[in-house]
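Have a look at the structure below before the remarks.
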Amino acid sequence: MKPLLDIEDLRVTFPGRSGPIQAVRGVSLKLGRERLGIVGESGSGKSQTGRAIMGLTPPQATVTAKKMMFNDIDLLTASPKQRRSLRGKQMAMILQDPKYSLNPVMTIGRQIIETLKTHEKVSRAEARDRALAMLEAVQIREPKRVFDLHPHEVSGGMGQRAMIAMMLVAGPELLIADEPTSALDVTVQLEVLAILDRLVADRGMGLLFISHDLRLVSTFCDRVIVMYAGKIVEELASADLANAQHPYTRGLLNSLPRIGQDRHPLPVLDRKPEWAL
Amino acid sequence: MTAALEVKALGVEYHGHKALDNVSVSVARGESFGLVGESGSGKSTLLRAVAGLAPVSAGSIAIDGKALRQGKRDRAFYREVQMVFQDPYGSLHPRQTIDRALLEPLAIHGFDNTENRIVRALEEVGLGKGFRFRYPHQLSGGQRQRVAIARALIVEPSIVLLDEPTSALDASVQAEILNLLEQTRKARKLTFVMVSHDLAVVNHMCERLAIMQGGHVVETLPATALADHAFKADYTKKLFEASDGFTRREQA
Amino acid sequence: MSDMISPTPLSWREWLMTERPGSRTQARLGRTYTTWLRFCENKLALLGLLILLLLLLTAAFADLLAPYSPYIGNLKDERLLAPSALHWFGTDDQGRDILSRVIYGSRLTLFVVILVAIIAAPVGLLIGTVSGYAGGWIDAVLMRITDIFLAFPKLVLALAFVAALGPGIENAVLAIAITSWPPYARIARAETMTFRNADYISAVQLMGASPMRIVLRHIMPLCMPSLIVRVTLDMAGIILTAAGLGFLGLGAQPPLPEWGAMIASGRRFILDQWWVAAAPGAAILIVSLGFNLLGDGLRDALDPKEEGR
């Protein structure tokens with residue numbers, strides 16, 4: 001089967017004081033209609049990978065790749081206009097904190113309708129209906145009330161649900177979620193993930209889940225990619241995480257405290273310079 | 001034996017909103033005590049109230065059996081009780097070198113032999129002399145948190161309040177900081193009160209813990225109770241399950 | 001970031017830019033040097049600095065630079081001469097060489113500017129930081145006082161003070177200083193409010209530091225950059241106010257070669273003998289421009305957001 005997303009040798013380079021700095025150094029991945037997790041620590045290039053796919057790389061940086069295909073569209077040669085129409089319509093992105101990614105002076109309902117109207121010619125009544133249906137789909141109990149609220153009037157979990165509703169309303173095939181639940185409390189986190197999980201499964205979307213939380217990603221995704229210093233160090237099925245080969249993945253797993261395990265002191269990751277080669 | 005920290009029926013109000021309501025906690029000398037909860041549970045407020053950074057509206061706080069007068073903390077208190085903050089990027093003065101940050105508490109409390117103390121404090125937290133005259137922006141998050149720990153320990157306190165000391169750090173760095181904290185606690189026989197949203201971290205670090213929700217203590221448990229599933233409150237169960245990661249419920 | 005100690009002796013630049021300074025002085029110098037590098041990226045700011053250095057040198061060596069006395073002129077046959085090889089900027093109605101007067105006038109300008117900065121900036125800084133940190137009624141009282149001063153136009157208030165104190169350059173300085181601290185207090189207060197709840201201030205509180213120590217040693221240094229920038233940008237305004245007072249006859253008294261007063265006396269002949277007013281006017285313009293350019297450059301160089309780049 002043809003993958004939804006096919007990337008080969010992706011590189012993102014930022015200009016630096018002492019020469020260019022590569023944040024992403026040759027990432028290759030294929031994503032079908034599945035849940036793929038990208039795990040890494042700060043500075044591993046995981047977020048820049050997601051942004052490069054979305055076409056949201058900061059203007060001072062340059063993106064190069066041998067291949068960057070989304071369905072049948074070549075993202076490398078696509079015009080900015082083409083990419084804009086792709087965003088939201090066919091690929092969407094959820095960011096970490098709904099507080100910063102929702103427009104504070106527009107009601108939640110209007111923001112969802114705006115997104116829909118950018119991509120489809122719909123009547124006002126239909127747009128409203130679809131927005132309300134979407135709010136219901138993300139399990140907001142009183143969609144009509146939340147529709148007219150501003151982002152600051154809702155909790156973090158509710159805001160992130162509204163964000164998901166906004167991103168999915170135009171029916172994208174690919175969803176990139178960059179730390180979508182890191183700003184949320186643990187129990188809320190799981191509720192939001194359950195909603196995301198169901199929607200992705202029901203609509204047959206491809207999901208790229210970017211997170212620092214190895215445990216969360218491994219329980220949520222089908223496959224996991226582990227990144228270190230801008231490169232993929234290991235790729236494996238979530239079920240096989242316990243048998244990870246790369247010392248970095250193993251070290252990362254081991255360094256987490258776990259309930260019921262008495263390990264004092266905790267094993268510490270011994271970073272080897274050759275991992276970054 | 002008198003408790004190192006005794007909080008009785010404590011209430012904290014911010015603009016009419018009760019952040020803490022009738023909270024009682026007792027921490028024995030040399031013990032490591034955890035406070036677990038989600039945002040708005042009041043766990044950080046409790047810590048800040050003890051440190052004198054939150055407006056106490058009811059109840060009492062006692063250190064080593066001596067009750068603290070409302071809102072008043074003297075220098076002796078701050079030699080006994082120190083705090084490490086959550087955000088290592090925000091807890092160090094951006095325009096002061098590490099040296100200044102460590103010298104300041106020594107100057108305030110009139111310590112002698114400051115040179116040696118600063119060098120020793122840096123060594124204790126695993127930062128060499130090379131870090132002494134750097135500015136915070138030249139350090140990584142983990143290194144900053146080490147400096148914050150050194151700053152808290154340099155006045156030789158007996159009680160250290162830890163407000164989510166590792167939640168802003170990467171997992172591998174978290175392990176290093178947790179190990180450092182444990183090691184200093186052992187070496188200096190410190191009493192820890194540690195706040196975290198991560199049940200596993202508190203379970204690892206503490207002997208007893210209190211689960212907090214909505215400004216109340218839901219349940220106080222020995223840490224071993226978690227592994228044995230010996231908890232009663234539903235909320236504790238929910239947190240416990242959440243700490244295991246995501247579980248996919250098969251759809252019918 | 002190599003951890004190895006290099007065998008060759010470090011160059012000055014390397015010593016300043018090192019990631020691991022060995023002493024307090026080295027750390028401070030290194031920081032100053034990076035700020036300086038950032039400042040140097042702005043060519044216009046360097047021009048501003050150059051102008052002010054020239055002003056300083058002119059003031060310092062006025063005795064050597066001025067070809068004639070600034071006070072004694074040749075009333076008999078050198079009144080209102082046009083610019084020439086003998087008198088580059090011409091002469092005024094008293095037969096005095098205008099170039100010499102402009103050169104000596106730089107001393108007065110510097111005197112005014114520096115004194116006002118020394119008086120107004122610390123007063124504003126202290127009031128603003130105390131007000132912002134203390135909050136409550138202290139804040140309310142201090143800010144209402146500030147509001148009262150802000151409610152009057154600066155020049156009108158300065159006029160009132162000079163009228164009460166009597167004309168003269170010292171009183172003009174005092175009047176300008178009294179009227180220029182409120183904006184500084186406002187800035188310092190606003191900055192303080194953003195810092196006062198930061199964890200690093202809580203951390204000093206938890207060390208048992210007294211409020212005065214926190215304000216003086218931890219909050220004031222944070223307010224300094226924006227204040228320095230603001231003062232530099234205001235310098236132009238101060239010069240103009242001083243000139244304005246001089247022009248109205250309430251600042252420097254004759255025969256002092258104050259630039260504003262010189263323009264005032266040249267006003268009478270501005271149509272026929274334009275050079276009498278033009279030279280001091282140009283001097284005011286250039287020095288104001290210098291301060292403005294410098295201020296803009298400092299704003300970029302001292303911006304804490306640029307920290308660590």
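The values are calculated or read from the model by the stated rules, or taken from the named source; none is laboratory data. Since the model is a prediction, treat every value here as computed from it, not as a measurement. Backbone-built Cβ (ideal geometry, glycine too); neighbour counts: all protein chains shown.
Is there any pair with a first residue in region A:230-258 that is within 13 Å of chain B (Cβ to nearest Cβ) and farther than 20 Å from A:Val24 by Cα and a second that is of a type in the set (Phe, Trp, Tyr) and surrounded by fewer than 17 Cβ atoms within 10 Å (Cβ to Cβ) whose Cβ atoms are under 9 Å apart and which are 6 or more apart or on different chains, and what are they?
Filtered contacts from region A:230-258: A:Pro247/A:Trp275.
Given the residues B:Pro222, B:Pro165, which is the only one that is away from chain A (no Cβ under 11 Å), within 23 Å of A:Asp270 (Cβ to Cβ) and of a type outside the set (S, T, N, Q)?
The match here is B:Pro165.
Of the numbered conditions (1) within 12 Å of another protein chain (Cβ to nearest Cβ); (2) part of a helix (DSSP H, G or I), A:Arg271 fails exactly one; give the number of that condition.
(2)
Considering region B:111-128 alone, what residues qualify as being assigned to a loop (DSSP other than H, G, I, E, B) and either among the aliphatic types (A, V, I, L, M) or surrounded by 18 or more Cβ atoms within 10 Å (Cβ to Cβ) (or both)?
The answer is B:Val125, B:Leu127.
If I ask for residues that are free of Cβ contacts under 8 Å to residues at least 40 places away in the same chain and more than 7 Å from chain B (Cβ to nearest Cβ), which ones from region A:197-218 would you list?
Answer for region A:197-218, where residues must be free of Cβ contacts under 8 Å to residues at least 40 places away in the same chain and more than 7 Å from chain B (Cβ to nearest Cβ): A:Arg198, A:Ala201, A:Asp202, A:Arg203.
Taking the stated definitions as given, is C:Gly124 in a helix (DSSP H, G or I), in contact with a Lys or Arg (Cβ under 7 Å, 6 or more places away or on another chain), under 30 Å from C:Ala185 (Cα atoms) and among the small types (Gly, Ala, Ser)?
No; evaluated as a whole, the condition is false for this residue.
Give region A:148-183 a look and list any residue that's crowded, with 23+ Cβ neighbours inside 10 Å and assigned to a loop (DSSP other than H, G, I, E, B), or say none.
A:Val169, A:Pro180, A:Thr181 - these are the residues of region A:148-183 that are crowded, with 23+ Cβ neighbours inside 10 Å and assigned to a loop (DSSP other than H, G, I, E, B).
If we scan region C:256-265, do we find a residue that is part of a helix (DSSP H, G or I) and either within 14 Å of chain B (Cβ to nearest Cβ) or among the acidic types (Asp, Glu) (or both)?
no
From (1) within 30 Å of B:Ser39 (Cα to Cα); (2) more than 12 Å from chain C (Cβ to nearest Cβ); (3) not β-branched (Val, Ile, Thr), pick out the condition that doesn't hold for B:Arg117.
For B:Arg117, the failing item is (1).
Going by the structure shown, is B:Ile211 more than 21 Å from A:Thr219 (Cβ to Cβ), within 14 Å of chain A (Cβ to nearest Cβ) and hydrophobic (A, V, I, L, M, F, W, C)?
Here the answer is yes, as B:Ile211 does meet what is asked.
Which condition number in (1) assigned to a helix (DSSP H, G or I); (2) free of Cβ contacts under 8 Å to residues at least 40 places away in the same chain is the one that A:Lys121 fails?
Going through the list (1) assigned to a helix (DSSP H, G or I); (2) free of Cβ contacts under 8 Å to residues at least 40 places away in the same chain, A:Lys121 breaks only (1).
Out of region B:115-161, which residues are in contact (Cβ under 8 Å) with a residue 40 or more places away in the chain and over 22 Å from the mean Cα position of the chain (by Cα)?
Of everything in region B:115-161, those that are in contact (Cβ under 8 Å) with a residue 40 or more places away in the chain and over 22 Å from the mean Cα position of the chain (by Cα) turn out to be B:Tyr135, B:His137.
For region C:1-115, give me every one of the helices (runs of 4 or more DSSP H) that falls completely inside it and has 1 or more residues that are among the aromatic types (Phe, Trp, Tyr) and closer than 30 Å to B:Val119 by Cβ.
C:12-17, C:24-40
Might you check whether a residue that is farther than 20 Å from C:Ile119 by Cβ, assigned to a helix (DSSP H, G or I) and modelled with pLDDT under 90 occurs anywhere in region C:231-246?
The answer is no, given that none of the residues of region C:231-246 is farther than 20 Å from C:Ile119 by Cβ, assigned to a helix (DSSP H, G or I) and modelled with pLDDT under 90.
Of the residues in region A:162-194, how many are free of Cβ contacts under 8 Å to residues at least 60 places away in the same chain and within 12 Å of chain B (Cβ to nearest Cβ)?
Adding up the residues that qualify gives 12.
Can you tell me which residues in region A:205-258 are over 21 Å from the mean Cα position of the chain (by Cα) and small (Gly, Ala, Ser)?
A:Ala242, A:Ala244, A:Gly251, A:Ser255 - these are the residues of region A:205-258 that are over 21 Å from the mean Cα position of the chain (by Cα) and small (Gly, Ala, Ser).
Can you find a residue that is surrounded by fewer than 17 Cβ atoms within 10 Å (Cβ to Cβ) and of a type in the set (D, E, K, R) anywhere in region A:184-199?
So far as region A:184-199 goes, yes, one or more of its residues are surrounded by fewer than 17 Cβ atoms within 10 Å (Cβ to Cβ) and of a type in the set (D, E, K, R).
Does any residue of region C:84-94 turn out to be hydroxyl-bearing (Ser, Thr, Tyr) and closer than 17 Å to C:Pro257 by Cβ? Break it down into steps so the answer makes sense when it comes.
First, the residues of region C:84-94 that are hydroxyl-bearing (Ser, Thr, Tyr): C:84, C:91.
Subsequent filtering for residues that are closer than 17 Å to C:Pro257 by Cβ retains C:91.
Checked region C:84-94: at least one residue is hydroxyl-bearing (Ser, Thr, Tyr) and closer than 17 Å to C:Pro257 by Cβ.
Identify the single condition in (1) surrounded by 15 or more Cβ atoms within 10 Å (Cβ to Cβ); (2) closer than 30 Å to A:Gly156 by Cα; (3) at pLDDT 90 or above that B:Ala28 does not satisfy, given that it satisfies every other one.
So B:Ala28 meets the others, but not (2).
Which residues, taken from region B:1-15, are surrounded by fewer than 19 Cβ atoms within 10 Å (Cβ to Cβ) and not in a strand (DSSP E or B)? First the steps, then the outcome.
To start, the set of residues in region B:1-15 that are surrounded by fewer than 19 Cβ atoms within 10 Å (Cβ to Cβ) comprises B:1-3, B:8-9, B:11, B:13-15.
Across region B:1-15, the qualifying residues are B:Met1, B:Thr2, B:Ala3, B:His15.
Just need a number here: residues in region C:196-223 that are more than 9 Å from chain B (Cβ to nearest Cβ), in contact (Cβ under 8 Å) with a residue 24 or more places away in the chain and within 27 Å of C:Val116 (Cβ to Cβ). Full working, then the answer.
Taking region C:196-223 and keeping what is more than 9 Å from chain B (Cβ to nearest Cβ), we get C:196-197, C:211-212, C:214-216, C:219-220, C:223.
Next, from what is left, pick out any that are in contact (Cβ under 8 Å) with a residue 24 or more places away in the chain: C:196, C:211, C:214-215, C:219-220, C:223.
Narrowing further to those that are within 27 Å of C:Val116 (Cβ to Cβ): C:215, C:219-220, C:223.
Number of matching residues: 4.
Of everything in region B:16-65, what is more than 17 Å from B:Gln82 (Cβ to Cβ), in a strand (DSSP E or B) and not aliphatic (A, V, I, L, M)? Give them in sequence order.
B:His17, B:Lys18, B:Asp21, B:Asn22, B:Ser24, B:Ser26, B:Gly34, B:Ser57, B:Gly59, B:Ser60
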